[in-house]
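**Student:** First, the structure itself, so that you have it in front of you.
The values are calculated or read from the model by the stated rules, or taken from the named source; none is laboratory data. Quick caveat: nothing in here was measured; it's all calculated off a predicted structure. In this analysis, Cβ positions are derived from the backbone assuming ideal geometry, glycine residues included, and neighbour counts consider all displayed protein chains. Just so you know, the surface numbers come from the protein's heavy atoms only, side chains and all, with ligands and any DNA or RNA stripped out. Shrake-Rupley method; radii C 1.70, N 1.55, O 1.52, S 1.80 Å.
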Amino acid sequence: MNELRIAKSALTDNVYAGRLRKDGFTWKEGKVDVTNDFIAAVIARWNGYEETLVAGDKKYKVSVVELND
């Protein structure tokens with residue numbers, strides 16, 4: 001069974017969800033633009049919270065801060 005994957009388009013910066021073909025690089029039919037849902041999830045996860053994430057040999061600091069104009 002192919003697992004659901006998410007990825008960011010290098011051309012549009014949109015975030016897509018779907019299933020990959022066996023080659024691991026191309027999408028099967030049914031890829032969906034989930035950019036707005038992804039952004040909402042990131043805001044909900046890190047709003048007012050900071051976390052250090054490790055990916056391989058790199059570290060990243062992730063946080064979301066609400067701006068009140």
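**Student:** So, in nm, how far is label Asp69 from label Arg21 when the simple model puts each one 7 Å beyond its Cα toward the Cβ?
**Tutor:** Going by the 7 Å Cα→Cβ label model, 4.5 nm.
**Student:** Give me the distance in nm between label points sitting 7 Å out from Cα along the Cα-to-Cβ direction at Glu29 and Asn47, one decimal.
**Tutor:** 3.8 nm
**Student:** Could you work out the relative contact order of the chain, using alpha carbon pairs under 8 angstrom and six or more residues apart, expressed as a whole percent?
**Tutor:** After rounding, I find 19 percent.
**Student:** Output ³J(HN,Hα) for the stretch 38-52: one whole-Hz value per residue in order, computed from phi by the Karplus curve 6.51 cos²θ - 1.76 cosθ + 1.60 with θ = phi - 60°, and x for Gly and Pro.
**Tutor:** Running phi through 6.51 cos²θ - 1.76 cosθ + 1.60 with θ = phi - 60° gives 4, 4, 4, 5, 5, 4, 4, 6, 10, 5, x, 9, 10, 9, 9 Hz.
**Student:** Please say if the stretch 1-62 is rounded, prolate or oblate, where rounded means a/c under 1.5 for a ≥ b ≥ c the square roots of the C-alpha gyration tensor eigenvalues, and otherwise the choice is prolate for a/b larger than b/c and oblate otherwise?
**Tutor:** Prolate is the answer for the stretch 1-62, as a/c is 1.5 or above and a/b outweighs b/c.
**Student:** Taking the full set of protein chains and a 1.4 angstrom probe, give the accessible area of Lys28 in square angstrom, rounded to the nearest 10.
**Tutor:** So the heavy atoms of Lys28 present about 80 Å² to solvent.
**Student:** Here is a further query. Give the cross-link partners of Lys28 among the lysines, using a straight C-alpha distance below 27 Å as the criterion and excluding same-chain residues fewer than 8 apart.
**Tutor:** Lys8
**Student:** By the scheme Lys and Arg +1, Asp and Glu -1, what is the net charge of all other residues having a beta-carbon under 10 Å from that of Val15?
**Tutor:** -2
**Student:** Moving on. Per-residue HN-Hα couplings for the stretch 56-69, Karplus 6.51 cos²θ - 1.76 cosθ + 1.60 at θ = phi - 60°, whole Hz, x for Gly and Pro?
**Tutor:** Values, residue by residue: x, 9, 10, 10, 10, 9, 10, 7, 10, 10, 6, 9, 10, 7 Hz.
**Student:** Next question. Taking the highest mean first, how do the peptides 13-20, 34-41, 50-57 order by number of other beta carbon atoms within 10 angstrom per residue?
**Tutor:** In decreasing order of mean packing, 13-20, 34-41, 50-57 become 13-20, 34-41, 50-57.
**Student:** Here is a further query. Under a cut-off of 13 Å between alpha-carbon atoms, report the aspartates and glutamates in cross-link reach of Lys31, not counting same-chain residues fewer than 8 places apart.
**Tutor:** Glu3
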